[in-house]
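The values are calculated or read from the model by the stated rules, or taken from the named source; none is laboratory data. All values derive from a computational prediction rather than experimental measurement. Note: ideal-geometry Cβ built from the backbone for every residue, glycine included; neighbour counts use all protein chains shown.
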Amino acid sequence: MIKKIFLLYVLFILTTISGGEAQIMSAKEIVKRADDKSRGLTSQGEMVMTIVRPSWTRSVGLKSWQKGTQYSMILITSPAKEKGQVFLKIKTDMWNWVPSIDKMIKIPPSMMMQSWMGSDFTNDDLVKESSIVIDYTHRLLGQEIVREKDCYKIEMIPLPEAAVTWGKLILWITTAGFDEWKVEYYDEDMKLINVMNAFNTQRMGDREIPTKLEIIPAENPSNKTILETKSIVFNQSIDDGFFSQQIMKRLSQTSK
Amino acid sequence: MKHEIINGWSVHMIILFLFFALIPFSSNPQDSGKQTHFVFNGYVKDMQTFIFQDLNSDLISANLVHNRLNLKWFVSSSFTAAIELRNRLLVGNLLTGYPGYNQTFEVDQGITDLSWNLIDQKSLLFNTSADRLWLQYSRDKFQITAGRQRINWGQTFVWNPNDIFNSYSYFDFDYEEKPGSDAIRFQYYTTPSSVVEFAIKSNNLNQATLAALYRFNRWNYDFQFIGGVVDQNDLVIGTGWSGQIAKGGFRGEASYFIQEKKLSDSSSVFLADIGYDYTFKNSLFLQFEFLYNSNRQSTGNFEMNLLNSQVMSAKNLFLSECSLFGSLSYPFTPLITGSFAGIGNPKNKMFFVIPSISISLLENLELTFTAQIMRYTGSEVTGQNLNMIYARLKRSF
């Protein structure tokens, strides 16, 4: 009896040491947990995106409201020229409101692949049209230490019908916090295009998350785009009706 | 005469002074407390224009300092008011080269005249005008806006047959906000992505335009239907859409105008516009548009009026019959974007080439070079070539 309990204990220890939950959690479950954590049920926050080049920088300020994968609203708060523009996503439809000319522009999918205001992020990175859980197949490659954090290393290949720009992603997700700590983006020829690194884990609302993301293009390592989260709250209820063209125009008007 | 005293140097000094003086000191409205009752922004632009027919012809030039001030006032949670002003100072022989050009600044298409030439001399003009001045009431899904406002019912980018309230000219690129109209507009949002609108406006000839729109979203498309009376003269029905084909944007608009008092057999006019745009992964943006304009009043010769938004009508957006537009734009770096556009009208034997380059010098300072090069390919002597070159510096705040 004691022997059996001891064996069970040893087995338990062994499983926790050798990858712990990975033995129990599939690669897909790990990605889902990371995705759920970074999204929450809802989120609303303020961010600053900075494009960094050797001789200059440019910043874009934005406010964002997200609800699941279905709804997203982004308000540009700076620079002056773009301030007041709003992007709205409802399920598979997207619009851009340009207040100066009172124009609602419907955004087609090809525009999603475009870089976000000249940065190394695509529109899709910001609005999260595609889902890292639904639109990919996942394979656990093992565990690695990245910038002092123990991470699951996961390979993700997009499903053929998914509206995704990439050919392959490699994700490093922290084993302790389930944060996307590093991502490598490959094109359809499996050439490395971008590397994303996360930093500055801080408490934001009810959770600790990396508050600084950096994207570096593989071809130009001296270039990068930084996305800093200034504030964010999760799981505060947002009505579906908030994600509407009427509220979109209202937010645009009141943007300071 | 006063203008003769103002020599080249002092004019430049005035321009330079205005350029900086008109930038308000509190150009960072983000710092103003949490209870923002006012939002203030705008820009100052300095644009140098050169117009010539060919290398041997006279050179017409003008320098335009253009300041825009936008002020919004949040009176209460349901009331908002706005005023937007344009201050323009024009110096150059454009004023003498095109007699009456100064008057086009003072023309106001609205019920009230809110455009004043405060200084109007031989080669110097200063005009102040208000092109937005409205009060808005919002409650639940309902909104009413009264005053000078832009009512934009267009779906496409170059020619908008559905934009019956305040048409604009694609060539008038420096008027970024485009004209407004003196109107009362009711909007009711039936769902998060659909709206019913009703609007009534009057122009400076006291002719009323009265029309309704219904826009809704289905099958990843926005569809709209419009109907009404334009300038108490034409009945109009129209439709428009925005959707996608092969991941690119597929948009279009069509309007049919029927003259109420039939003057001739050709008293009805049909305009249709169809467009496609596609963005490649490297951010190269391609755009095409095709316009059919059955309006025979469009003369064969290109007129300066087609460059001016103030005198445009949805009934006659460009030259008659078929016109084609194509453009590609590409961000060489996040700071430098180049574009190349072409517009052609085979029947009237003319085409336009519009190259442009835009450079972000500082966070809020942009330099743009653009040209509108018109070529007439016919043999009639009345047809002529025209070259317009622009350099513009814009400081936004």
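Can you tell me which residue is nearest to A:Ser130 (Cα to Cα) among those in region A:151-171 that are within 14 Å of chain B (Cβ to nearest Cβ) and of a type in the set (Val, Ile, Thr)? Per the stated criteria, the residue is A:Val164. Taking region B:321-364 as the region of interest, the strands (runs of 3 or more DSSP E) fully inside it that hold 1 or more residues being of a type in the set (Phe, Trp, Tyr) and crowded, with 19+ Cβ neighbours inside 10 Å are B:321-333, B:350-362.
The set of residues in region A:73-94 that are in contact with a helix residue (DSSP H, G or I) (Cβ under 8 Å, 6 or more places away or on another chain), β-branched (Val, Ile, Thr) and closer than 20 Å to B:Ser194 by Cα comprises A:Ile74, A:Val86. For region A:186-256, the strands (runs of 3 or more DSSP E) that sit wholly inside it and include 3 or more residues that are touching a residue at least 40 places away in the same chain (Cβ under 8 Å) and either within 12 Å of chain B (Cβ to nearest Cβ) or of a type in the set (Ser, Thr, Tyr) (or both) are A:224-234. Scanning region B:278-306 for residues that are out of contact with any strand residue (DSSP E or B) (no Cβ under 8 Å at 6 or more places or on another chain), of a type in the set (A, V, I, L, M) and either under 16 Å from B:Pro179 (Cβ atoms) or modelled with pLDDT of 90 or more (or both) yields a single hit, B:Leu306.
The lone criterion from (1) under 19 Å from the mean Cα position of the chain (by Cα); (2) among the basic types (Lys, Arg); (3) within 30 Å of B:Phe223 (Cα to Cα) left unmet by A:Arg33 is number (3).
Yes or no: B:His66 surrounded by fewer than 17 Cβ atoms within 10 Å (Cβ to Cβ) and either at pLDDT 90 or above or assigned to a helix (DSSP H, G or I) (or both)? Judged against the criteria, B:His66 is not a match. Among the conditions (1) in a loop (DSSP other than H, G, I, E, B); (2) touching a residue at least 24 places away in the same chain (Cβ under 8 Å); (3) surrounded by fewer than 21 Cβ atoms within 10 Å (Cβ to Cβ), the only one that B:Glu176 does not satisfy is (2). Please determine whether any residue of region B:148-167 is touching a strand residue (DSSP E or B) at 6+ places or on another chain (Cβ under 6 Å) and in a strand (DSSP E or B). Scanning region B:148-167 turns up at least one residue that is touching a strand residue (DSSP E or B) at 6+ places or on another chain (Cβ under 6 Å) and in a strand (DSSP E or B). Does B:Asp222 qualify as being closer than 18 Å to B:Lys201 by Cα and of a type in the set (D, E, K, R)? No: the conditions fail for B:Asp222.
For region B:167-177, the criterion of being within 12 Å of chain A (Cβ to nearest Cβ) and more than 21 Å from the chain's Cα centre (by Cα) is met by none of the residues. Residue pairs whose Cβ atoms lie under 8 Å apart, sitting 6 or more positions apart in sequence or on different chains, and linking a residue in region B:277-296 that is more than 10 Å from every other protein chain (Cβ to nearest Cβ) and crowded, with 18+ Cβ neighbours inside 10 Å to a partner that is aliphatic (A, V, I, L, M) and outside any strand (DSSP E or B), are B:Glu289/B:Val158; B:Leu291/B:Val158; B:Leu291/B:Leu317; B:Asn293/B:Leu317; B:Asn293/B:Leu319.
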